[in-house]
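The values are calculated or read from the model by the stated rules, or taken from the named source; none is laboratory data. Owing to the predicted nature of the structure, the values given are computational and were not obtained by experimental measurement. We place every Cβ from the backbone using ideal geometry, glycine too, and count neighbours over all the protein chains shown. When the accessible area is computed, the model is the full protein with side chains, heavy atoms only, and any ligands, DNA or RNA have been set aside. Shrake-Rupley method; radii C 1.70, N 1.55, O 1.52, S 1.80 Å.
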Amino acid sequence: MIKLVHILCILLLLTTTQAAKTITLISWNIKDFGQSRDDAEIDAIADYVKHADIVAIQEVVAKHPGGAQAVGRLVETLNRKGSAWDYRVSDPTQSSSAQKRERYAFLWKPSKVTITGGGPKLLSDLSDLVEREPYLIQFKVDGKVLNILNYHACTHDNTYPERLEINAITRWIQNQNLSNLIWAGDFNLEVNDSGFNNLKSLGFSHSLNGQKTSLKKTCKDGQYLSSAEDNIYYKCTDFTITRPKVLDFILNCHEVAWKRDSLSDHLGVEVGVE
């Protein structure tokens, strides 16, 4: 009986240790995330992401300080929900017009990951090739380095076509020495588009395989999802990407219109990093 108890304790310890090594990452395009968000909306957004360990946010408003302030308010709200969080907000992207400029944000739990590599940075050497240059951050997870690119593609733009942007960033990746890289965001291209062929030839895999993530303006016959352009691509030597999912906050058709405005017109994408 004593031996059995000892065995069960060891198995429980091993299971707990293994679970502690799993990091949850959410990538989410939060529509026009800025000063217009009231406290109730910030609280709902916090409830949506609080289980994660790292959150990559796209579409933070850049034309005034309200975007960065909204991220700060979100982190303050998350801190009141049981875990301590840290965050960084990018400078505005060097876009071709003020209307297209945005900020990115990374949020994370310092108890789970440690920021390294000098802090996050916009990839300014890509600013002449893309509408909104990606935001790169580097973490240490269990002593191993994990790089994450946060990216929001142009929206079917004639000057910066999505395929040209994706290939420009892919060439940048090819010239780097990043052994563990996750590229997360809203790509405005679906996973089977030819724009990703070069990325896939480098050995990158995708988390979602056609699951839709953006919301229609209205819901008809229970159908409220529009396109499958949010995703998480990855090529990792030291990590395994697991349990990809779309985080659906729509419970019924009647919620689509108001949640599309109060939360986002996109659903978040989640993966585990082990």
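Taking all protein chains together, TRP258, TRP108 sort by accessible area into TRP258, TRP108, largest first [probe 1.4 Å]. If R0 is taken as 45 Å, the Cβ-Cβ distance between LYS140 and LYS220 corresponds to a FRET efficiency of 0.45. Estimated at the nearest 10 Å², the accessible area of HIS51 is 90 Å² with a 1.4 Å probe. Principal-axis analysis of the Cα atoms of the chain puts helix 66-79 at an angle of about 10° to the longest axis.
The range 217-274 and the range 158-199 have Cα centres spaced 20 Å apart. With respect to the chain, whose longest principal axis is taken over its alpha-carbon atoms, helix 2-20 is tilted by about 20°. Calculated over the range 92-131, the projected area of the Cα convex hull averaged across directions stands at 3.6 nm². Normalised by the number of residues in the range 67-128, the mean separation of alpha-carbon contacts (under 8 Å, six or more apart) gives a relative contact order of 32 percent. Potential lengthening of the chain between GLN94 and SER205 amounts to 37.1 nm, from the contour at 0.36 nm per residue minus the alpha-carbon distance.
Once the Cα gyration tensor of the chain is found, what semi-axes does its equivalent ellipsoid get, as square roots of 5 times the eigenvalues, in whole Å, sorted largest first? Provide the component values of the computation, followed by the final result.
Details: eigenvalues 178, 111, 77 Å².
For the chain, the ellipsoid semi-axes come out as 30, 24, 20 Å.
The tail of the calculated P(r) for the range 97-186 beyond 23 Å holds 26 percent of all Cα-Cα pairs. When the charge dipole of the range 90-133 is built from unit charges on Cβ atoms (+1 for Lys and Arg, -1 for Asp and Glu) and taken about the Cα centre, the candidate among PRO110, SER90, LEU123 whose Cα reaches farthest toward its positive end is PRO110. Model label sites at ILE115 and GLU274, defined 7 Å from Cα along the beta-carbon direction, differ in position by 2.9 nm. Placing unit charges on each Cβ (+1 for Lys and Arg, -1 for Asp and Glu) gives the chain a dipole about its Cα centre, and among THR218, ILE23, VAL55 the Cα reaching farthest toward its positive end belongs to ILE23. On the principal axes of its alpha carbon atoms, the range 133-274 extends 48, 39, 23 Å, with the longest extent given first. Each Lys and Arg adds +1 at its Cβ and each Asp and Glu adds -1 at its Cβ; summed about the Cα centre, the range 161-217 shows a dipole of about 140 debye. Taking 0.36 nm per residue of separation and subtracting the current Cα-Cα distance, fully stretching the chain between TRP258 and ASP193 would add 20.3 nm. Short-range pairs are left out: with C-alpha atoms under 8 Å and at least six residues apart, the relative contact order of the chain is 18 percent.
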